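Step one of this worksheet: look at the structure below.
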Amino acid sequence: MEYSLSLHKTLPFSPFSHRRRFLIGKSQLAVARAGPSHCDFSSSPLNTPLEPNSSAGRFLSAVLLNQRHFFNHAVSDELKHLSNDRNAAFDRMFLSSASDEAALHRRIAQLKEHECQTAVEDVMYMLIFYKFSEIRVHLVPKLSRCIYNGRLEIWPPKDWELESIHSFEVLEMVREHISTVIGLRANSSVTDSWSTTQIQRQHLSRVYVASILYGYFLKSASLRHCLEQCLRLAHHDLRLSNRNSLPLPEMCSYRLNNLVFGRVDSRQSVSLGQGLSRQEQQEKLKCYVMGFDPETLQRCAKLKSNEAVNLIEKHSCALFGDTKNGLLETDEVILTSFSSLKRLVLEAIAFGSFLWDTEEYVNTVYKLKEN
């Protein structure tokens with residue numbers, strides 16, 4: 001039987017009738033350690049570097065901990081609620097534009113917009129955390145709590161889980177990126193992975209942020225690549241009309257679904273084998289990206305919303321910043337293994353990929369501010 005959940009209705013049976021009923025439990029999900037001393041996770045139940053500041057963010061973190069199966073419903077409801085609140089404030093501002101209270105309502109609308117933007121950034125962060133939890137990976141906590149005598153080790157590495165979200169072609173580019181930024185080859189031995197190196201905390205934070213942006217870019221470019229392949233195959237099938245009765249719009253949708261979900265049926269296999277060379281059938285993603293002109297490259301790499309920009313900045317500062325003031329200690333040098341560096345880079349790339357997905361979803365319910 002179909003039913004709908006509304007988190008802001010006071011139904012007696014609704015698990016979301018009152019946010020205050022949620023009791024945020026303590027999580028003991030230890031994912032990082034340094035020497036003999038374990039990280040302190042007591043201040044963050046979800047074990048995330050960035051703690052939500054808004055009531056929406058704290059509510060979703062409680063749902064995620066206590067009633068995970070309702071999380072997606074809760075997110076949808078929160079986004080609708082935030083969108084309605086912001087729109088209502090702006091409607092009152094426009095209606096009062098010719099009255100004596102115009103300045104007051106304009107200021108109220110500005111404050112409401114800022115409040116909703118902070119809340120929606122928390123919602124996006126919780127969505128990203130949820131995506132990590134689906135692959136059984138927990139975000140690395142604040143590094144300042146995980147460094148013991150200048151030594152950082154992150155365990156377990158979770159390489160397989162973090163790589164599993166990428167297609168084979170994207171994974172090739174991810175491994176090249178890792179080799180470039182930390183100097184660890186894809187076929188490195190266990191001894192190489194666990195050998196140690198020194199790196200400044202500020203430089204490590206820059207590598208992390210750059211890797212988030214690279215993950216975001218790869219997600220955008222790979223989907224663009226899939227779409228162009230879909231269109232190429234569809235136009236090719238138009239020349240084989242006796243083998244395909246689908247109109248072009250339906251054919252494009254059909255092809256795109258197959259490319260995204262990895263399905264190729266017999267009808268597609270027949271058309272692929274006639275008239276298209278192997279190179280035309282599937283141009284490698286790396287070659288496709290290298291053929292981008294500057295405008296296309298910027299379009300794929302640019303963050304689409306201000307909320308995404310703010311979220312990356314807040315997350316990276318929370319992860320690498322000092323515990324007291326949140327600022328980066330530029331002169332601190334960290335001793336760590338290449339395995340731990342790889343773990344951080346893989347997490348950052350996954351964060352960027354999940355951010356792209358989250359941004360697309362949230363923007364369908366709550367209109368994000370264009371970057």
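The values are calculated or read from the model by the stated rules, or taken from the named source; none is laboratory data. Note that the structure is predicted; figures quoted are calculated from it, not measured. So basically every Cβ, Gly included, is an ideal-geometry build from the backbone, and we count neighbours across all protein chains shown. Surface accessibility is based on the protein's heavy atoms, side chains included, excluding ligands, DNA and RNA. Shrake-Rupley method; radii C 1.70, N 1.55, O 1.52, S 1.80 Å.
Give me the extension gain from TRP155 to LYS369: residue separation times 0.36 nm, minus the current Cα-Cα distance, reported in nm with one decimal.
Details: separation 214, 0.36 × 214 = 77.04 nm, distance 3.74 nm.
Result: 73.3 nm gained on full extension.
Per-residue 3J(HN,Hα) values for the stretch 185-193, derived from phi via the Karplus relation 6.51 cos²θ - 1.76 cosθ + 1.60 with θ = phi - 60°, read 6, 4, 9, 5, 7, 4, 4, 5, 5 Hz in sequence order (x marks Gly and Pro). Under the combined filter of DSSP loop state and at most 14 neighbouring Cβ atoms within 10 Å, the stretch 102-181 retains these trypsin sites (Lys or Arg not before Pro): ARG136. For the set LYS286/LYS367; LYS142/LYS284; LYS158/LYS304; LYS80/LYS342, the pairs lying more than 31 angstrom apart at their alpha carbons are LYS286/LYS367; LYS142/LYS284; LYS80/LYS342.
Between SER76 and ALA88, what length in nm is gained on full extension when 0.36 nm per residue of separation is reduced by their alpha carbon distance?
On the way: separation 12, 0.36 × 12 = 4.32 nm, distance 1.83 nm.
Full extension from SER76 to ALA88 adds 2.5 nm.
Full-extension gain between SER189 and PHE292, please, as 0.36 nm times their residue separation minus the C-alpha to C-alpha distance.
Details: separation 103, 0.36 × 103 = 37.08 nm, distance 3.46 nm.
Length gained between SER189 and PHE292: 33.6 nm.
Using a probe of 1.4 Å, the accessible surface attributed to TYR125 totals some 10 Å² when neighbouring protein chains are kept in position. Per residue, the solvent-accessible area of the stretch 50-144 (1.4 Å probe, heavy atoms of protein chains only, all protein chains present) comes to 47 Å². Once both labels are positioned 7 Å from their Cα atoms along Cα-to-Cβ, the gap between GLU176 and HIS114 label points is 4.5 nm.
Might you work out the accessible area of GLU313 for me, using a 1.4 Å probe with all protein chains in place, and round it to the nearest 10 Å²? For GLU313, the solvent-accessible surface is approximately 110 Å².
Taking the centroid of alpha carbons for each part, the stretch 344-365 and the stretch 131-149 are 17 Å apart. Accessible area ranking (1.4 Å probe, heavy atoms, ligands and nucleic acids excluded), largest first, for TRP356, TRP194: TRP194, TRP356.
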